[in-house]
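Have a look at the structure below, then the notes.
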Amino acid sequence: MKNELRSEKVLLLDFGSQYTQLIARRVRELGVYSEIRAWNINPEEIIELNPTAIILSGGPESVAQGNSAPSVAPSVLTMGIPVLGICYGMQTIAAQMGGAVQNSDRREFGYAQVKVKHASALLMEVSDHIDESGAAVLDVWMSHGDNVSSMPEGFVCIASTESCPIAGMADHKRNLYGIQFHPEVTHTTQGSEIFKQFLFRISGCNPSWTAMAIIDDQIARVRSRVGNNNVLLGLSGGVDSSVVAALLHRAIGDQLTCVFVDNGLLRKDEGVSVMEMFAKNMGVKVIRVDAAEKFLNRLRNVTDPEMKRKLIGNTFIEVFEQQSAKIKDVKFLAQGTIYPDVIESAASNTGKAHVIKSHHNVGGLPEDMQLELVEPLRELFKDEVRKIGMKLGLPLDMVYRHPFPGPGLGVRIIGEVRKEYTDLLREADALFIEELRAHGWYEKTSQAFCVFLPVKSVGVVGDARRYAWVIGLRAVETTDFMTARWARLPYDLLERVSSRIINEIPEISRVTYDISSKPPSTIEWE
Ligand code: XMP
């Protein structure tokens, strides 16, 4: 199939920066497709990819390591494709082309102001302030130890700070650019403008990567891949599988069958709302399997968290397989794998981002299922998945909902899982979320939920002492879920949540708020 949507692409060569994915997202937000590959991709592959522009990311290494420092194939810098090096990316351009990089004893980390030095296509008409000499000044984010001390021949200095005299350089003839600061982070207020200059003014890209174009493209791809065959999808009610369901339904209609497994560990009304939205409103074929009893029976007397996870995962596969065996002529299994899963599993498997292993996010389905995978979101970041979800008509509440772990309430009940506990936890959790939404805090937190603590604590109701269960509230702010800060919820809101839970659920006598950040704690309690 001719690939119009990706005919213009930015190749992002990754040197291991924590910001690499952010660079790709910034480029895509501006409407240009970008793809991440390892820095040591071979040059033939680059020619095959035929990028319109190349960006070299930052990274933790030092060019001063000499020959062992990662560097791009020399042809990357001579093939006539515009190149932008960011931080380490700039330093490697300098070192590879005959300039010099010095190891500075002064690490620069945080806000800085750079003065724009020389009229360059990259920083043209970009400024936050104008200084007394009339020069443009930019507020930027710096994070580096080394810096370029002398530029290769043909380059001019386009930006500088007091501690970093060469904070930007350009070779206009060869279309090679480098900046020491990070345009991808929001602290660099003109970051997007700088990317725009590079993409549109310098590289001549046209913005075509939009939510509608992605949908059309995926629909065409799915149709051509699937033909007249049937596709099976495990629908969990989470954002990714829901968007896959909506997209595939639009692409292949009744050839899609979804299986929704109610494992008894779902949030309040989850099953009803999934059926309502997909089966009733959208006309998607959804088989709802009520397997709560099976899951709860298996979980009886099991207290070890990893054991619980395994049991839940295996039982899911078993139920899912039983159902899929009943559906005739299924050739494909659809999954909600997204781009960060692909990049991360590729990077962790091989250290190179271009060998891609398929990622089983339904929990490792057995190979003998012999189904081929359809993963229409595997090129997309979460924010892009959300945008196309909205365009496909999914409700805002569903598209922007907090993530929910596969093992569900199973890892939010400490120790043994019992039906009685799941029922109480579901009620308390629904109250907490309702209050967060009502006070505008659902959107301000990244994940929030209740945890059931199987200890009895005393309370006094009227004149009577009551021994009842304890609920923990957890709310965190995070962008990557690798680190997280406990959310500073207002005391009044916490008070309201606590009193509603204790008053409306008689089996609960105490509510606590978890003030642990990650690390060292994790977001979930088990
Ligand atoms: P932790 O607790 O490790 O959680 O800080 C980080 C993120 O991962 C989610 N999580 C899981 N998701 N299966 C999942 O699908 C799991 O077993 C699991 N454990 C944690 C958690 O909800 C948070 O978003």
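A short reminder: the numbers here are calculations on the coordinates, not readings from a lab. Since the model is a prediction, treat every value here as computed from it, not as a measurement. When we count neighbours, we look across all protein chains shown, and the Cβ atoms used for this are built from the backbone with ideal geometry, even at glycine.
Data overview
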read-out	value
Relative contact order (percent, whole number), the chain, Cα cutoff 8 Å, 6+ residue spacing	10
Globularity index of the stretch 259-343, i.e. its alpha-carbon radius of gyration over 2.2 N^0.38 Å	1.25
Cα-Cα pairs of the stretch 1-85 separated by more than 15 Å (percent)	57
Principal axis box of the stretch 192-277, alpha-carbon based, largest edge first, Å	55, 35, 16
Difference of contour (0.36 nm per residue) and Cα-Cα distance, E162 to H187	7.1 nm
Normalised alpha carbon radius of gyration of the stretch 155-228 [divisor 2.2 N^0.38 Å]	1.67
Over the stretch 368-526, volume per residue of the alpha carbon convex hull, in Å³	160
Of K310/K382; K9/K328; K117/K444; K294/K328; K280/K419; K196/K391, those spanning more than 32 Å from alpha-carbon to alpha-carbon	K9/K328; K117/K444
Spin-label model distance (nm) - K310 vs A213, 7 Å beyond Cα toward Cβ	4.8
Gain on full stretching of the segment that runs from N103 to R437 - 0.36 nm per residue minus C-alpha separation	115.2 nm
Chain lengthening between E44 and R300 when straightened (0.36 nm per residue, less Cα-Cα)	86.5 nm
Relative packing of peptides 219-226, 270-277 - highest average C-beta neighbours within 10 Å first	270-277, 219-226
Overall dimensions of the stretch 485-525 as given by Cα atoms, namely Rg and Dmax in Å	12.3, 34
Point-charge dipole on Cβ atoms (K/R +1, D/E -1) for the chain, about Cα centre, debye to 20	840
Taking all pairs of distinct alpha-carbon atoms in the stretch 130-271, Kirkwood radius in angstrom	20.2
Stokes-Einstein D in µm²/s, Kirkwood radius over Cα pairs - the chain at 37 °C with 0.692 mPa s viscosity	127
For the chain, calculated [θ]222 nm from helices alone, where every DSSP H run of n ≥ 4 adds -39500 (n - 2.57)	-9000 deg cm²/dmol
